[in-house]
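See structure below.
The values are calculated or read from the model by the stated rules, or taken from the named source; none is laboratory data. Just so we're clear, the structure is a prediction, and the values are computed from it rather than from any experiment. Backbone-built Cβ (ideal geometry, glycine too); neighbour counts: all protein chains shown.
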Amino acid sequence: MSSRILLSCRESYQVLSDYLDGELGAVDRLWLRGHLMMCGKCRTYFEQFRRVHQLAGRPQPEDLPADFEEVMAEVLRRWKDHDSQFLKKPADPWDEER
């Protein structure tokens, strides 16, 4: 990710994986740390995301079931076919600009 100033909660949660993988630039890393100090909503999300990230690790292709690609393709197909059902999802807590 190129170095730039993050502007919102939405942008901060979109870079959490890069942050945890050590792939975030210095400016964004500092901004994210500051944002997490000031924003309880993002801090809570980060702690939950970090736990999942630690538990999941980085699976290697050989760790995945043999039919993984087939199953994921079916999941995506069904999601696209029923997209209208997903339009009524819960409110995104990061829709509020800060």
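Where helices (runs of 4 or more DSSP H) sit wholly within the range 7-98, those with at least 3 residues that are at pLDDT below 90 and hydrophobic (A, V, I, L, M, F, W, C) occupy 26-38, 40-56, 68-81. Among the residues of the range 35-48, the ones that are closer than 15 Å to Tyr19 by Cα and surrounded by 12 or more Cβ atoms within 10 Å (Cβ to Cβ) come to 6 in all.
Close Cβ contacts (under 8 Å, 6 or more residues apart or on different chains) running from residues in the range 58-72 that are farther than 18 Å from Asp21 by Cβ to residues that are surrounded by 10 or more Cβ atoms within 10 Å (Cβ to Cβ) comprise Pro65/Val71.
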